[in-house]
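> Have a look at this one before I ask anything.
The values are calculated or read from the model by the stated rules, or taken from the named source; none is laboratory data. Predicted, not measured: the structure shown is a model, and the values here were computed from it. Cβ: placed from backbone, ideal geometry, glycine included. Neighbour counts: every protein chain shown. SASA here: full protein model, heavy atoms, side chains in, ligands and nucleic acids out. Shrake-Rupley method; radii C 1.70, N 1.55, O 1.52, S 1.80 Å.
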Amino acid sequence: MTTTASQEAFLQAFHAEHPAVTAEAFGRGRAPDGRSSYELLRDQVAGRRRVLDLGCGDGLLLEFLAQEDGRQLAGLDLSRHSLALARRRPALSGARLEEGRAQALPFADGSFDACISHMALMLMGEIEQVAAEIARVLCPGGVLACVVGGGAVGGEAFDRFLTLLRSTIEEAPASQRIPALGDRRTRSRDGLDEVLTPAGFAAVDWESVPIDLSGPVEQVWAAVSSLYDLGPLDGRTVERLRTAFFSEVRDMTTPEGTVPCAFNVHIATAQLH
Ligand SMILES: C[S@@+](CC[C@H](N)C(=O)[O-])C[C@H]1O[C@@H](n2cnc3c(N)ncnc32)[C@H](O)[C@@H]1O
């Protein structure tokens, strides 16, 4: 199997078991202005009528996009299990929802005014091919807008979780480690420019926003433990990680029982020439 094929096989297997994991974990996250990262992305493409969501998962972002009247919406994902949930959303009854790969889009040239992607572009292999496909299906002047993960804010529960996770994974047998996913260049402005410029995009606009996920410890654990890395770990190892996490965040829990937790997202937008 090629590297990309094994990455995609891993993603498909993971989402067969957890088809709505990202929306459940991050849908309630809030930026300082009160919007979720899904709403921040929705607002990047306001007024654009024909919109494609790449790696649409269970369709939460498409549902936000459907709030604007007269839109033609499409979503594409590797996971038929996630798409099955998207198809159940009444707001998406008119949307074209396709199982497929971002590297080979089943859409005609110039058929979208915008392409969006929430926490998915950073997972995709053969990223130059993805960029070329996005450019092909966008009309001239079309825009790509995506949210990619930017790691922990620091000094909060996600930061402590990542430290615990790193040592857990170092000790785990190789069979319980996930394949390296995606292309690191999608996680920085310069890297994304390097990928998108040859495909015909203007320079990327880049903004970093902290997303607050604070809450009761069980809720924070549910969010942080939704990371792909936990998928192949055996039950006992996950239980040990959970116990260590609960003890690690005790000193930062407020008297009301809130554990401070946040992660950064980068919002990247680029216009096709
Ligand atoms: C972290 S989830 C995010 C799902 C959704 N966008 C959200 O934020 O709720 C990443 C999604 O991207 C999809 N994905 C990853 N690589 C893909 C590819 N090459 N082509 C299509 N979908 C892909 C996965 O199947 C998964 O549903």
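> Applying the selection to region 46-61, what residues are in contact with a strand residue (DSSP E or B) (Cβ under 9 Å, 6 or more places away or on another chain) and more than 14 Å from the ligand (Cβ to nearest atom)?
Across region 46-61, the qualifying residues are Gly47, Arg48, Arg49, Arg50.
> Yes or no: Asp183 surrounded by 15 or more Cβ atoms within 10 Å (Cβ to Cβ), charged (D, E, K, R) and within 27 Å of Ala244 (Cβ to Cβ)? So that I can check it myself, show each step before the final result.
On the way: surrounded by 15 or more Cβ atoms within 10 Å (Cβ to Cβ): yes; charged (D, E, K, R): yes; within 27 Å of Ala244 (Cβ to Cβ): no.
In short, no.
> Still on this structure, I have one more. Just name the residue that is modelled with the lowest pLDDT out of those in region 1-28 that are within 14 Å of the chain's Cα centre (by Cα) and of a type in the set (Gly, Ala, Ser).
Ala25
> Among the listed residues Pro32, Pro19, which satisfies the condition of being within 13 Å of the ligand (Cβ to nearest atom), in a loop (DSSP other than H, G, I, E, B) and of a type outside the set (Phe, Trp, Tyr)? Give the derivation first.
Numbers: Pro32 fails: within 13 Å of the ligand (Cβ to nearest atom).
Matching residue, one of Pro32, Pro19: Pro19.
> Does Leu105 satisfy the condition of being within 14 Å of the ligand (Cβ to nearest atom) and either more than 20 Å from Thr3 (Cβ to Cβ) or touching a residue at least 40 places away in the same chain (Cβ under 8 Å) (or both)?
Numbers: within 14 Å of the ligand (Cβ to nearest atom): yes; either more than 20 Å from Thr3 (Cβ to Cβ) or touching a residue at least 40 places away in the same chain (Cβ under 8 Å) (or both): yes.
Yes: the conditions hold for Leu105.
> For region 109-119, give me each residue that is within 12 Å of the ligand (Cβ to nearest atom) and open to solvent by 10 Å² or more (accessible area, probe 1.4 Å).
Result: His118, Met119.
> Ok, one more. Within region 129-148, which residues are β-branched (Val, Ile, Thr) and more than 22 Å from Leu40 (Cα to Cα)? Walk me through it before giving the result.
Keep residues of region 129-148 that are β-branched (Val, Ile, Thr), which gives 130, 134, 137, 143, 147-148.
Scanning region 129-148 gives Val130, Val137.
> Please find, within region 99-108, the residue that is farthest from Leu52 (Cα to Cα) out of those that are more than 18 Å from the chain's Cα centre (by Cα) and loosely packed, with under 15 Cβ neighbours inside 10 Å. Even if it seems obvious, please write down each step before you answer.
Applying the first criterion (more than 18 Å from the chain's Cα centre (by Cα)) to region 99-108 yields 104-108.
Of the ones still in play, those that are also loosely packed, with under 15 Cβ neighbours inside 10 Å are 104, 106, 108.
Values: Ala104: 14, Pro106: 11, Ala108: 12 Å.
Of everything passing the filter in region 99-108, Ala104 is farthest from Leu52 (Cα to Cα).
> Does region 229-252 contain any residue that is in contact with a strand residue (DSSP E or B) (Cβ under 8 Å, 6 or more places away or on another chain), open to solvent by less than 50 Å² (accessible area, probe 1.4 Å) and β-branched (Val, Ile, Thr)?
Filtering region 229-252 for residues in contact with a strand residue (DSSP E or B) (Cβ under 8 Å, 6 or more places away or on another chain) gives 249, 252.
Subsequent filtering for residues that are open to solvent by less than 50 Å² (accessible area, probe 1.4 Å) retains 249, 252.
If we keep only those that are β-branched (Val, Ile, Thr) too, we end up with 249.
Looking through region 229-252, at least one residue is in contact with a strand residue (DSSP E or B) (Cβ under 8 Å, 6 or more places away or on another chain), open to solvent by less than 50 Å² (accessible area, probe 1.4 Å) and β-branched (Val, Ile, Thr).
> Being more than 30 Å from Cys139 (Cα to Cα) and surrounded by fewer than 16 Cβ atoms within 10 Å (Cβ to Cβ) is the filter here, so list the residues in region 28-53 that pass it. Let's see the steps before the verdict.
Step one: filter region 28-53 for residues more than 30 Å from Cys139 (Cα to Cα), giving 28-34.
Correct list: Arg28, Pro32, Asp33, Gly34.
> When region 62-86 is examined, which residues are found to be within 14 Å of the ligand (Cβ to nearest atom) and open to solvent by 80 Å² or more (accessible area, probe 1.4 Å)?
If we filter region 62-86 for residues that are within 14 Å of the ligand (Cβ to nearest atom), which is where we start, we get 62-65, 73-86.
Of everything in region 62-86, just one residue is within 14 Å of the ligand (Cβ to nearest atom) and open to solvent by 80 Å² or more (accessible area, probe 1.4 Å), namely Arg80.
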